Amino acid sequence: MPKNILKELKKYNLLGRSGSGFPTALKWELVKKAKARRKYIICNCSEGEPKNFKDKFILENYPEIVVQGIKTALKTIDNSSAFVYLKKEYYNSFSNKLSRFIKGLPIKLAKKKGGYLGGEETVICEVLEGKKPEPRIKPPFPTESGLWGCPTLVNNTETFYCVGKISKGEYKKTRFYTIAGDVKKQGVYELPEKYTVKEILKETGNYPDFDFFVQSGGGAMGEILLPKELNKQVQGIGSIVVYNIKKDPFSLMKEWTSFFLAENCDKCTPCREGLYRIDEIIAKKKINKQALSDIFLVLKETSLCPLGANAYKPFETLIKKIIK
Amino acid sequence: MIIIINGKKIKTGGGTILEVAKKNNIEIPALCNHPDLKPGSSCRVCMVEIKGNKKLVPACSTKVYPGMEIITESSKIKKVRKINLELLFSQHKEECLDCVWNGECSLLDLADKYKVKINRFKDRKSEYPVYQFGNVIQFDSSKCIDCRNCVVACHLQGVDFLEIKEKGTLFQVVPSTKNDCIYCGQCLIHCPAGAFESVGEFEDIEKPLKQKDKIVVFQFAPSIRSSIGEEFGMPYGSLVTGKIVAGLKKLGVDKIFDTCVGADFTTSSEALEVVERIKSNKNLPVLTSCCPSWVKFLEQRYPQLIPNISTTRSPQIILGSLIKTYWAKKNNIDPKKIYSVSIMPCVAKKFEIIRPENNVFGMHPVDCVLTTREFARLLMKHKIDLKKLKPVKMDNMFSDPSGAGVIYGASGGVMESAFRTAYEHLTNTKLKNVEFKQVRGMQGVKEAEIKVGSKKRKIAVINGLGLAKQFLEDMKLGKRKGYTCIEVMACPGGCIGGGGQPIPTNSEIREKRALTLYQVDKKKKIRKAHENPIVKKIYKEYLKDKELAHKVLHTSYSKKGRGLVKICK
């Protein structure tokens, strides 16, 4: 392990791979510097967006490197212990494998509770404390007051994979992408992080030979991109879904609202009522532009957690670019 | 620290943006925020801008930091507030004329301020059910705006009767199928949308007033005199005893008595119980029984403590019992012709009067309970403005309480009253300083050691049922022990913070209502219940017959199951 891992993380400008893209070195520093007797590290393996399973792929193929990443965090942050927080399916499939590598380390495996929101960092803290899976009000952020009020580092599976690679001196600035939808070779691919959406699709032999559009950055929360907009990197989570232009945009939006309505916690007004109304409006297959843009605004500006704050994106971009 | 709000420098010791703004008379609309509860931050109406922040933040839960620059009104802020309000209205069925908030509705005020189209979206909850809890509270879930204050308040009470359940893709507030409601009404006090209301119809009281063969007798509880003024725009804590009497006379009520006198009987009887139990060293600590929610809670969840509950009837029940027995006899009135009504700060008192254990010679001591709010509405309906009324004296017999009877309305009042009397019984000496200040105030758990003769007596006073539950659990574990007497009031602050009181109710308001009661006590010549002449007289004349005294002064308790929860719509 390199002497100064924080410096390494900075050097590679490693950004969190959960989709939020928060600088990993900064997060580590905040937790390391926080004054507390106990600190916690959480490896978040609870990906829940539709058509996205990169964490599963990593756990299946590289559990040792993920554990290596967590081990690095344990060494870097004094008085810390760790949890690997896994969604039920992953807990059942990968517990044995992971246990083999964490032998003797202060790392516990924990099962996710709740749906998609169960993967939000403050919800994880609530769940690990034995409470209902609901988001906390931020600030304070977990880096300051997380699990049982202690400074807590929450990083995504892939982020720990990258740290593991960096600590071994094997990091090649790659990123994992789930490619799904109307493509020939669905799957998870590890490719350079600087690749554009277009390059990724071409490199994997998935670039369509028909009219299409793409949802990039998450199977529900990702933005809609037209073929001419593919010369950019994936924003958000490493996920690309290709849709044939013939795909009914209303049925696609219905898929999203179904996901959001099922997965949100209904706590704050814009997310609870706003998404309900979006669902209602699209069911009529008639776009009420004023109502929708109002709802998008409050979702973006006033939601309590990132789910609501990002939920407007796919609808807004799809309506603007495809339905028009 | 110095912060800047709307360009103005403000010095503050800290707190949330909302708190600091309020202190400096800067208005930020806050709907789901209630000073009693931790910010739930769910309505998203109090959003403000912070310089340097990309996104708006909620003022209710964002703490200030030195140099923070806050903007509380801008076109963007106005817009998001308007839209969020429209979304909130889309889940709230408006029945404004019938609402507890009528006249003081923050939803409507904000709708006006932000030019909200309240019908922009179709009410999505119009088919939602109305639940009724016992004969006491109705919860109209079609008015609920999902802030969950009621669920939090119910949890703080240690009751957990209201809970959140996912039905389809939406969460709803629903009554538990396991835990039971204790009718404290704290849900009602903390609901910004008027989804909770006490059960009661104006007809219940207007009809008997018109019946010539009925004699309508009213009593009103200690804490009403310092709270009902609020309903008529008077300052918090205004003392309006005589105005209440005047209002009742205008309504055509035949006789008006003071529940505080009932409290003097309660004190006298309860003090005797305390003395007896100390002497026999049995069933200690004595648990007070004036609060029907607390009694219901014990009967259901701690039946092993039933022998500890004081068997003395609560002030309204004792006074009601005396009205239908002693007073009726003295005035040659057939008690069946008496329609006995009480104005209470409490919704659970509606349940207390139908407890068969409280009957006296087969009669209900009280036939109808109006809450403070309901009584205010009744006056308004009859176009009676309490504020403008000239005070009128109460009717004889039960009109002049001791100071002890008046402080019953605040947490600690029952204990203080009981000890003013018990002290003298136990020591055979006169108590010089009657004020037990250790048990006063708004603190949730108050403890004191009182020297009675040669022995020190440990007492505890608790307001807020959740704290009482924790206290009982601590006793179970032996973490707390050796108490002679424990007073519990389910509502924060005692009856002055009861579920039947005017809204808003919060700690600042509760404190003012309580203070007024202590001021009344201080001015009273007679401050001990057992020295009240009417108490002495009736004990001597009427209650000397022990069996009769027991029927009039005492009640009983037993293990109980769940109360009725029905769906009305």
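Values in this text are rule-based calculations from the coordinates and carry no lab data. Everything numeric here is computed off the predicted structure, so don't read it as measured data. No Cβ is skipped: glycine too gets one built from the backbone with ideal geometry, and neighbour counts run over all protein chains shown.
Rounded to the nearest 20 Debye, what is the dipole magnitude of the protein assembly as shown about its Cα centre when Lys and Arg each give +1 and Asp and Glu each give -1 at the C-beta?
Its charge dipole is roughly 1660 debye.
What is the magnitude of the charge dipole of segment B:497-556 about its Cα centre, with +1 placed on the Cβ of each Lys and Arg, -1 on the Cβ of each Asp and Glu, and no other charges, expressed in debye to the nearest 20? Before the final figure, lay out the partial values.
Details: 15 positive and 7 negative charges, 71 e Å.
I would put it at about 340 debye.
Select from B:GLN519, B:GLY262, B:ALA348 the residue farthest towards the positive end of the dipole of chain B; place +1 on Cβ of Lys and Arg, -1 on Cβ of Asp and Glu, and compute about the Cα centre.
About the Cα centre, the residue reaching furthest to the positive side is B:GLN519.
Loop only per DSSP, at most 11 neighbouring Cβ atoms within 10 Å: give me the trypsin sites (Lys or Arg not before Pro) in segment B:496-531, ordered by residue number. Can you show the working numbers first?
On the way: sites: B:ARG510, B:LYS512, B:ARG513, B:LYS522, B:LYS523, B:LYS524, B:LYS525, B:ARG527, B:LYS528; in loops: B:LYS524, B:LYS525, B:ARG527, B:LYS528.
Those satisfying the criteria are B:LYS525.
Set Lys and Arg Cβ to +1 and Asp and Glu Cβ to -1, take the dipole of segment A:249-323 about its Cα centre, and tell me which of A:THR269, A:PRO306, A:ILE282 lies farthest positive.
Selected residue: A:ILE282.
When the Karplus curve 6.51 cos²θ - 1.76 cosθ + 1.60 is applied with θ = phi - 60°, which whole-Hz ³J(HN,Hα) does each residue of segment B:115-125 get, with x for Gly and Pro?
Whole-Hz 3J(HN,Hα) from phi for segment B:115-125: 6, 7, 8, 5, 9, 4, 10, 6, 3, 8, 10.
Mind grabbing the base-10 log of I(q)/I(0) for the protein assembly as shown at q = 0.05 Å⁻¹? Debye formula, identical points on the C-alpha positions, no solvent, two decimal places.
-0.37
Hey, got the Cα dimensions of segment A:155-250 along the principal axes, in Å, largest first?
47, 24, 21
Tell me whether chain B comes out rounded, prolate or oblate; compute the Cα gyration tensor, take square roots of the eigenvalues as a ≥ b ≥ c, and use a/c under 1.5 as the rounded threshold. The partial results should precede the final answer.
Numbers: a/c = 1.80, a/b = 1.53, b/c = 1.18.
Prolate, since a/c reaches 1.5 and a/b exceeds b/c.
Compute for segment A:1-63: radius of gyration divided by Kirkwood radius, i.e. Rg/Rh, restricted to C-alpha atoms, rounded to two decimals.
Values: Rg = 14.1 Å, Rh = 13.8 Å.
So for segment A:1-63, dividing Rg by the Kirkwood Rh gives 1.02.
Would you mind estimating how fast segment A:249-323 diffuses translationally, via Stokes-Einstein at 20 °C and 1.002 mPa s with the Kirkwood radius over Cα pairs, in µm²/s?
On the way: Rh = 12.0 Å.
It diffuses with D of about 179 µm²/s by this estimate.
Where the only charges are on Cβ atoms (+1 Lys, Arg; -1 Asp, Glu), what is the dipole of segment B:300-378 about its Cα centre, to the nearest 20 debye? Before the final figure, lay out each step's value.
Numbers: 12 positive and 5 negative charges, 19 e Å.
In total the dipole reaches around 100 debye.
At a Cα cut-off below 27 Å, give the lysines reachable from B:LYS544, other chains included and same-chain residues fewer than 8 away excluded.
Straight-distance partners of B:LYS544: B:LYS255, B:LYS279, B:LYS282, B:LYS324, B:LYS329, B:LYS330, B:LYS336, B:LYS337, B:LYS430, B:LYS525, B:LYS528, B:LYS536.
For segment B:2-73, what's the radius of gyration and Dmax over Cα atoms, in angstrom?
Both quantities, over Cα of segment B:2-73: 11.2, 31 Å.
Could you work out the relative contact order of chain B, using alpha carbon pairs under 8 angstrom and six or more residues apart, expressed as a whole percent? Mind showing how you got there, number by number?
Numbers: 1140 pairs, mean separation 96.4, N = 569.
With pairs under 8 Å counted, the relative contact order is 17 percent.
Quote the FRET efficiency, to the nearest 0.05, computed for B:LYS390 versus B:GLU357 with a Förster distance R0 of 25 Å and r equal to the Cβ-Cβ distance.
Once rounded, the FRET efficiency stands at 0.05.
I need the per residue convex hull volume for segment B:96-199, using only the alpha carbons, in cubic angstrom as a whole number.
On the way: hull volume 11.8 nm³, N = 104.
Roughly 114 Å³ of hull volume per residue.
Could you line up A:VAL123, B:VAL347 from fewest to most neighbouring Cβ atoms inside 10 Å? Could the numbers behind the result be given before it?
Working: A:VAL123 26, B:VAL347 35.
Neighbour counts put them in this order, fewest first: A:VAL123, B:VAL347.
Which peptide among B:261-271, B:323-333 comes first, and what is the full order, when sorted by highest mean count of other Cβ atoms within 10 Å? Each step should come with its number before you reach the end.
Values: B:261-271: 29.5, B:323-333: 17.1.
So the order, starting with the most tightly packed, is B:261-271, B:323-333.
In terms of modelled amide H atoms, which long-range or inter-chain residues lie less than 5 Å from the amide H of B:ARG457?
Long-range HN contacts for B:ARG457: B:ILE450, B:LYS451, B:VAL452.
Let me confirm one metric for peptide A:261-268, namely the mean number of other chain beta-carbon atoms within 10 Å of its residues' beta-carbons.
Details: counts 3, 3, 1, 3, 4, 9, 9, 10.
Per residue, the number of nearby Cβ atoms from other chains is 5 on average.
Counting each DSSP H run of 4 or more residues in the protein assembly as shown as -39500 (n - 2.57), what helix-only mean residue ellipticity at 222 nm follows after dividing by all residues, to the nearest 500 deg cm²/dmol? Don't jump to the answer; show the numbers that get you there.
Numbers: 30 runs with 314 residues, N = 893.
That calculation yields -10500 deg cm²/dmol at 222 nm.
For segment B:53-90 and segment A:109-166, compute the distance between their C-alpha centroids and round to whole Å.
The two parts, judged by their Cα centres, are 27 Å apart.
Rounded, prolate or oblate: which fits segment B:507-569 when a ≥ b ≥ c are the square roots of the eigenvalues of the alpha-carbon gyration tensor, with rounded for a/c under 1.5 and prolate only if a/b beats b/c?
Values: a/c = 3.63, a/b = 1.12, b/c = 3.23.
Oblate, since a/c reaches 1.5 and b/c is not below a/b.
Starting from segment B:178-229, pick out the trypsin sites (Lys or Arg not before Pro) whose DSSP state is loop and whose Cβ has at most 14 other Cβ atoms within 10 Å. Intermediate results must be reported in sequence, preceding the final value.
Numbers: sites: B:LYS178, B:LYS210, B:LYS212, B:LYS214, B:ARG225; in loops: B:LYS178, B:LYS212, B:LYS214.
Hits after loop and neighbour filter: B:LYS178, B:LYS212.
Only Cα pairs under 8 Å and at least 6 apart count here; give the relative contact order of chain A as a rounded whole percent.
Values: 590 pairs, mean separation 57.4, N = 324.
Relative contact order comes out at 18 percent.
State whether segment A:5-168 is rounded, prolate or oblate according to the following rule on the C-alpha gyration tensor (a ≥ b ≥ c being the square roots of its eigenvalues): a/c under 1.5 gives rounded; otherwise a/b larger than b/c gives prolate, and the remaining case gives oblate. Intermediate values should be presented prior to the final figure.
Details: a/c = 1.32, a/b = 1.05, b/c = 1.26.
Cα axes put segment A:5-168 in the rounded bin.
Once you keep just the Cα pairs under 8 angstrom separated by 6 or more residues, what percentage relative contact order results for segment A:5-168? Walk me through the numbers before you get to the answer.
On the way: 289 pairs, mean separation 56.1, N = 164.
Computed over segment A:5-168, the figure is 34 percent.
Compare the Cα positions of B:CYS495, B:CYS485, B:ALA468 along the charge dipole of segment B:442-512 (+1 at Cβ of Lys, Arg; -1 at Cβ of Asp, Glu; about the Cα centre) and return the one farthest towards the positive end.
Value: B:CYS485.
Could you list which residues have their amide H under 5 Å from that of B:CYS485, counting only those 5 or more apart in sequence or on another chain, with H placed in the peptide plane?
Those lying under 5 Å, H to H, from B:CYS485 are B:VAL286, B:ALA460.
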